[in-house]
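Here the structure is laid out as structure tokens; the discussion comes afterwards.
The values are calculated or read from the model by the stated rules, or taken from the named source; none is laboratory data. Predicted model only: the values in this text are computed from it and were never measured. Note that we place each Cβ from the backbone using ideal geometry, even for glycine, and neighbour counts take in every protein chain shown. Protein only, heavy atoms only, side chains kept; ligands, DNA and RNA dropped before computing areas. Shrake-Rupley method; radii C 1.70, N 1.55, O 1.52, S 1.80 Å.
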Amino acid sequence: MNVSGKKTTRLLSMLLVLSLLLGLLTMGVYAQPSQSDGTVKDAILYVINDDGQLEYNVVYSAPVAETVQVSGQGITSLEGLKSALGTPEDLGDAITADLTLEDGVVTKIEITKITPRPVVGISWKKDEIGDDYKGFAEAFERNGAIAVFLPQVKTEEEAVQVLSELDGIFFTGGEDWNPSLYDQTQSPHGSSGWNDARDTSDIYLMQQAVKLDVPLLAVCRGEQGFNVAMGGGLIQDVPYYLGQKVLNGEISPARVTGVLSGPSEADMVKLKAACEKYGIELPEIFKNAVQDTGYTMYDDEGNRLGNPYDKETNTYADFDEGCEEGHLRVQIDGLIHSGGTGYHKLDASNEGIGISENSKWLYDIVGSNSIDLIATAHHQSIDPENLGDGLTVVAKSSDGIIEAVEYQDATFALALQWHPERDALEDTRGVDVDQDLCNALLKALVNYAAVHDAQEETEVQLPFTDVGADAWYYSAVNYAYANKLFNGTSATTFSPDTQMTRAMLVTVLYSMEGNPAVSGSLSFQDVASNAWYRNAVLWATQKGIVSGYSTSEFGSDDIVTREQMALILYGYAKNKGYDVSAQGSVSGFSDVKSISNWALDSVEWAVGESLLSGKTGGKLDPTGGATRAEVAQILMRFCQNVA
């Protein structure tokens, strides 16, 4: 494998520690024709194949002109580029380039960036890796990563060892979750066929990924398990759950578009009451009950009883609990969460929110609050009444089923109810799916994994006794210290919980600029000529980065508020000539009216760049202060996202 020494060490280490590492397995992609003629900016290059075509942006390919111009990053020929890219079995570094296409042919390749490929681990369910899992690996590699299949772990310590070798982790779909993990027994048509070894492994990996701030993306079963790992619970069977909502009058019977089983005679009484509530006649769909053909049942101790229904004799076993009468299981608004074509629309109609504009990552990745087709394949989902600690719901379909959550205190932790990876390489179910959108979600994990990789490369041994390796801000403080953004409060202390003052923040920016020489005078009476921060304040005011409360007062020792920090960083970014066009929505924050008018533009920019995010209770807390640890985190994101 043609990767850096660091990556080779990681892979060998994992092999030695856990004695089971499955390497890269690739499969063919039905490459689409090249994108439209003109310039393709920031194309992710994969390989130049045996047919002489350049494969890029995961699913596209184009022939390369014999006279193609190749330049940038020390590569000046097509052969040099081909060697640098490597082959699917022996990939080189990740290469990004601007491509010029004429009549579908690549005529110019301007290489803009060459970076080490981050290592993305893929959780798996059994020893044999099926073609679907092989496709997952190739999709991540075509998005710029190195993909490895992970062994299952049995302890927290093993999880930490595995994660120490990764830059990002992907949790796949699969079986139901054991309901005992969230203190429940099986509900009608609920959890069955769970895999305790896999459940244990994934939960340890998820919990430690959050603790160590390893970027993660979880889908389907992975999303549900992420909620369990964070202390939440699940809806064990979505159709049964929705049926109960209809019977309780929480959803109008008129919105039922499919009946999988039921209703029973007892349910008919409740249905008629629900129809009276909504002022409607009993919909035709309920007038002929659908036979309940059972499900794999377990007793309260988790022992398997089997399916109570015998299709040959059309009879029910003694242990049956309600199937003979018929559990009402329904579909709402035409949404089929499991089965059918495997796709449905995600939008903000009825109980849905679509995709929240106040998400930290999802809305920016998708670029819209709705998706026409999401690939769903599971009858379980996150229980909105039992959400895991620290999780934020960022997508919900019209029937109220949670489609995505984020752990917004992380560098990147996004969990989706649907499968973007399923159609990342090609349409798999005879439905025309947007491959670019599927890959945008995978690419987000790769991008943040690369950030994690870069942080590890710059990590140093911290001298601070008050910054533990398991602290949520450890990576940020390490980044700030390694990059000389700011020092500790003493040789051995960082004081992470001490709030940052206006003078401190300006001094940090002055240090980032290399402490340039300054001259001139200040009118601020609270900035003494011998103050340790005087030159920083003089520099920042002369550059237009910051101003005082008045011509005579700077407020040096005042705690810098979050909205003041946004304004100062916005001014610094503008002064540096950085792109400041990002604009995040703040309308969803419960304290949006607390944002000062003078700070609104800069706060929207800071939210758009993920420098500021919500706190508990959906608050932005614009007038609250920021600790040194929080500022370290924000400055790390500024350097990575803006600079």
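Numerical summary
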{"read-out": "Matching entry among LYS270, LYS245, LYS277, LYS211 (being among the basic types (Lys, Arg), under 30 Å from ALA469 (Cα atoms) and not in a strand (DSSP E or B))", "value": "LYS211"}
{"read-out": "The stretch 498-527 - residue that is of a type in the set (D, E, K, R) and more than 19 Å from ARG637 (Cα to Cα) and, of those, least open to solvent (accessible area, probe 1.4 Å)", "value": "ARG502"}
{"read-out": "Candidates VAL106, VAL58, VAL64, filtered to the one that is modelled with pLDDT of 90 or more, surrounded by 19 or more Cβ atoms within 10 Å (Cβ to Cβ) and in contact with a Lys or Arg (Cβ under 6 Å, 6 or more places away or on another chain)", "value": "VAL58"}
{"read-out": "The stretch 334-384, residues that are under 28 Å from ASP409 (Cβ atoms), open to solvent by less than 50 Å² (accessible area, probe 1.4 Å), of a type in the set (A, V, I, L, M, F, W, C) and in a loop (DSSP other than H, G, I, E, B)", "value": "TRP361"}
{"read-out": "Which listed residue is in a helix (DSSP H, G or I) and either open to solvent by less than 20 Å² (accessible area, probe 1.4 Å) or more than 15 Å from GLY121 (Cα to Cα) (or both), from LEU217, LEU205", "value": "LEU205"}
{"read-out": "Subset of the stretch 552-562 that is of a type in the set (A, V, I, L, M, F, W, C) and within 15 Å of ALA540 (Cβ to Cβ) - its residue that is surrounded by the most Cβ atoms within 10 Å (Cβ to Cβ)", "value": "PHE554"}
{"read-out": "Complete set of residues in the stretch 563-603 that are surrounded by fewer than 20 Cβ atoms within 10 Å (Cβ to Cβ) and among the acidic types (Asp, Glu)", "value": "ASP579, ASP591, ASP601"}
{"read-out": "Residue identified as touching a residue at least 60 places away in the same chain (Cβ under 8 Å) and surrounded by fewer than 14 Cβ atoms within 10 Å (Cβ to Cβ) among ASP50, ASP90", "value": "ASP90"}
{"read-out": "Among (1) closer than 13 Å to GLU406 by Cα; (2) touching a His at 6+ places or on another chain (Cβ under 8 Å), the one test that ASN358 misses", "value": "(2)"}
{"read-out": "Residue list for the stretch 385-431, filter: open to solvent by less than 20 Å² (accessible area, probe 1.4 Å), closer than 19 Å to SER123 by Cα, of a type outside the set (A, V, I, L, M) and part of a loop (DSSP other than H, G, I, E, B)", "value": "PHE412, GLN417, TRP418, PRO420"}
{"read-out": "The stretch 462-488 - residue that is in a loop (DSSP other than H, G, I, E, B) and free of Cβ contacts under 8 Å to residues at least 24 places away in the same chain and, of those, farthest from the chain's Cα centre (by Cα)", "value": "ASN487"}
{"read-out": "Options LEU217, LEU242, LEU181, LEU205: the member that is free of Cβ contacts under 8 Å to residues at least 60 places away in the same chain and of a type in the set (A, V, I, L, M, F, W, C)", "value": "LEU181"}
